[in-house]
Amino acid sequence: MIRLTRILFALALVGLLRLPAPALAADAPEADDYAKAVAGLASDNRQDLLASLETLARLADPRAQAPLGALADRRLKSDGAGHAIIVSKDGATAVDAVTGENYTGPLGALSDPPVNNLVRQHISAVISSLALASPDPEQRLAAARELADRPVESARAGLKKALAAETDDRVKSLLEQTLAQIDLKSPDKAARLAAIKAIGDSGNSDFLPALRQVVDRQDKSDLLNADGDIAEAAARAVSSLERRDLAVRAARDFFFGASLGSVLLLAALGLAITFGLMGVINMAHGEMLMIGAYVAYVVQEFFSSHFPNFADWYLPAAIPLAFAVTAAVGMLLERTIIRHLYGRPLETLLATWGISLVLIQTVRLIFGAQNVEVRNPAFLSGGFELVRGLTLTYNRIGIIVFVIFVVALTWLLLNRTPLGLSIRAVTQARSTAAAMGIFTSKVDMWTFGLGSGIAGLGGVALTQVGNVGPELGQSYIVDSFMVVVLGGVGKLAGTIFGALGLGFINKYLEPFSGAVLGKIIVLVLVVVFIQKRPQGIFALKGRTAE
Amino acid sequence: MAQNSTTLLTPAAWTAFGIAATVLVLVVPVLNLALPATSALHVPDYMIALMGKFLCYAMVALAIDLIWGFTGILSLGHGMFFALGGYAMGMYLMREIAGEGVYRSQLPDFMVFLDWKELPWYWHGFEHFWFAMLMVILAPGVFALVFGFFAFRSRIKGVYFSIITQAMTYAAMLLFFRNNTGFGGNNGLTDFKHILGFSLLESRTKVGLYAASALALAGTFLLCRFVTASKLGRVLTAIRDAESRVMFSGYDPLRYKLFVWTLSAVLCGIAGALYVPQVGIINPSEMHPGNSIEMAIWAAVGGRGTLVGPIIGAWLVNGAKSVFTVAFPDLWLYFLGAIFIATTLFLPDGVVGLGRLLSCRKKGRNRDRS
């Protein structure tokens, strides 16, 4: 990582040194041209104005930025004697645009050059192409983006020049594309072929509509469109772009599937553990997610009011707190209500639903029915572009990492601690475990706490990717039940496979069938699946007849 | 639990049933129509509408009692069957007003709005009342039959079955929410004007619908009583209490479960069909999983496996809802949640069970005294 930054830094330095310095090296005729062109900006003839703009673009003299900016702001005026005058922002003073001398005449006598929308477009194109000479690569990138949005023929010369001097890869590829976009309409066949090739190589699917137009030869007025070579090249470029697009989309679906699967896993993990152990489906499990999310919100508010300098640290602080709060709520519920319903799973279902209603309404009364805002901390906002069209956002990567952490922790807890041993024993054979001296009711309580706590962790994670509102849990409850049904109970691996499987299936179906139909198909698949394996993917082997 | 005699009802029960049915079917409508609005005994129109709704809910509660109270299968998806019946009726009502909508088109308004040119194939036939009524029975019935066959065949039971039915109604809700499904999407079907030529705005029609609901409820009650008092009912109760033993005794639980599951779904569909013209709208939110769970609690509050209990439960819970959501809207969910928790913890046999318990104690005390 450090080496990479160092290399980038070195590259940027080289770029700085190689930048041309036209102001110092300019020879006499060019300086003359520059003065003339700047003066021409104040011309009352629109044609002259446009010609001056073109000259400035060709010269690529950074000094032109001030008069151009003033022109765009309507602060560049004509004194009627062929001089361009820049009025200061407060409108009190004015200077000559070329010499920089103070203008002493009456400001009220100055006239405006005839700037209309067409001229404005050209002004911003020239400003952008000037900005391409900026030593700051970020500024050049911004300028290149601006140009790519509005490819204007007049910017072509400036673009070529900037491209030759450009060192930053991102800016370079943007410039190449912009050029190609301009050349795609060029009257010269060779230039057009080159443009098509460049577009095909760029892998930017934004060009697909323009290319398809060339393939379809829709524009009858353009004679070159009838040319077979060009159509063929365009068709080749289209198919290569489409192939690439497909690959990128598959990768993107994989990423989003993994992140959705992780969210489902966080929502369902605790549920699977409590269900496996006690045969109790906790309908209030979704509300544990919701409480975890609200803990994150409260901690965030606390941090931003008490430690505004460490506001971003609310997230690490919220994680243990959310676990503790939800685990406590879960244990409380187990002791007061659920304990009395063992052996009556259907009643438990209804009672926990009642609990969830109470919890939802409580949160609604405290925090209001509206969604609350939980911000991404700086280290989780934004993302990086892996390849064009595939941006991996940090918050989703963060969730995937977090879920690995939580699963690892749960695995350790279940397999490497005395509590985990008891939990597994009670899950497999409750009465035998009790006979061996395990306090099953204590184990139940701790397990319920553990399951709820994991849900609380999930809630914290959810704040980073979705809305936080009182109904947060409701939207995950059906999905997490499906994970449990699919994965079977009592095995961590089943839940992991179930959650990731559902996540991937959902995301891969979405483009073909739409989000809603995709969900329905998934539900049908789950019902069909449990025809074959009623106990889920990984069934515990036991001797029960049920 | 219920009377174990194989006769339909005891003479005393027949009398009680007769009185209740007469009051609901005859007396209430007469009090509404014949008495002037100023009279103290006058039943106002809004009461008729409210009671009509409650009667439909009571039918649903009966249907749930059949499957849950007697067979031990908790369905969390009955809201979907209710809505299917409702949609079938709604489709008839939409077709009935063809040409009278906002756009004066032969198509329902929402289709004009979506720029559809012709009726989708599954809307054909709904212009006939008989066809719509057939669909009220067939749509939930056939769906329940197919779903139940696959679910019961692979011996999905207990909470698994409950979860799957919840997913079922959730999926159906999502499906009906889509505009392209062709049932009006978000808004559902509404703006009904008349049924069989009678204007839905007139109080006579409203009373007629109310009386039809009351009759349907009475019929449903007798049917459920007939089913549960028969030998079939005995097998169902046996399945509830020990399914494996039933199987080992040579019975095939699949058929029995499938029958009662389908019957329950059909009853729910009929209730939905009666409900829609009275409230004037049917939309996908009826299929929200929360609604179906609420339906189950009606049966639980009244007392499972008693048939009378669920009817009382549906009236109690919905009556409380009508009062609470107006008087203390913030507290309604607390109250509902408390009902869920209290019923499951303290009243496993519901209100009816409580009544029995109290009367037993009284008798015991009297015996002690004498």
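Since every read-out is calculated from the coordinates, none of them should be taken as a lab result. Please read these numbers as outputs of a predicted model, since none were measured by experiment. No Cβ is skipped: glycine too gets one built from the backbone with ideal geometry, and neighbour counts run over all protein chains shown.
The table below lists the values:
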| quantity | calculated |
| --- | --- |
| Shape call, the stretch A:254-470: gyration tensor on alpha carbons, a/c limit 1.5 | prolate |
| Reach of A:Lys185 by Cα under 25 Å, taken over lysines that are not fewer than 8 positions away in the same chain | A:Lys160, A:Lys161, A:Lys172, A:Lys197, A:Lys220 |
| Rounded FRET efficiency, nearest 0.05, which uses the C-beta distance separating B:Tyr122 from A:Gln121 and R0 of 51 Å | 0.45 |
| Chain A - mean residue ellipticity at 222 nm from DSSP helices (-39,500 (n - 2.57) per run, n ≥ 4, rounded to 500) | -23000 deg cm²/dmol |
| Principal-axis tilt of helix B:11-22 within chain B, Cα atoms, nearest 10 degrees | 20 degrees |
| Chain A: relative contact order in percent, alpha carbon pairs under 8 Å with at least 6 residues between | 14 percent |
| For q = 0.12 Å⁻¹, Debye-computed log10 I/I(0) when each Cα of chain A counts as one equal scatterer | -1.09 |
| Spin-label pair A:Arg424/B:Ala34, simplified geometry with 7 Å Cα→Cβ offset, distance in nm | 7.7 nm |
| Average partner coverage of B:170-176, which counts Cβ from other chains inside 10 Å | 5 |
| Residue-span extension gain [A:Arg145 to A:Arg74] - 0.36 nm each, minus C-alpha spacing | 23.1 nm |
| Exercise: per-residue mean of other protein chain Cβ atoms within 10 Å, A:343-352 | 6 |
| Built amide H within the under 5 Å cut-off of A:Ala84, gap 5+ | A:Ala97, A:Val98 |
| Under the Karplus curve 6.51 cos²θ - 1.76 cosθ + 1.60, θ = phi - 60°, whole-Hz ³J(HN,Hα) for the stretch B:229-242, x wherever Gly or Pro sits | 7, 7, 5, 3, x, 4, 4, 4, 4, 5, 4, 4, 7, 7 |
| Angle between chain B longest axis and helix B:350-369 axis [Cα atoms, degrees, rounded to 10] | 20 degrees |
| Cα centroid of the stretch B:305-370 to Cα centroid of the stretch B:23-40, whole Å | 29 Å |
| Those lysines that a straight Cα-Cα span of less than 28 Å connects to A:Lys77, excepting residues fewer than 8 apart in one chain | A:Lys36, A:Lys89 |
| In the stretch B:11-369, lysine pairs closer than 21 Å at Cα, eight or more apart or cross-chain | 6 |
| Average Cα contact separation per residue, the stretch A:254-470, under 8 Å, 6 or more apart, as relative contact order % | 42 percent |
| Cα centroid of the stretch B:191-228 to Cα centroid of the stretch A:86-158, whole Å | 78 Å |
| For the protein assembly as shown: span of alpha carbons on each principal axis (Å, largest first) | 129, 74, 61 |
| Over chain B: helical MRE at 222 nm, DSSP H runs n ≥ 4 each giving -39500 (n - 2.57), nearest 500 | -22500 deg cm²/dmol |
| Protection proxy ranking of B:207-216, B:305-314 - average other beta-carbon atoms within 10 Å, highest first | B:305-314, B:207-216 |
| Descending semi-axes in Å of chain B, equivalent ellipsoid built from Cα gyration tensor | 35, 27, 19 |
| Choice from B:Cys360, B:Cys224, B:Cys268 with maximal GNM fluctuation in chain B (Cα, 10 Å cutoff) | B:Cys360 |
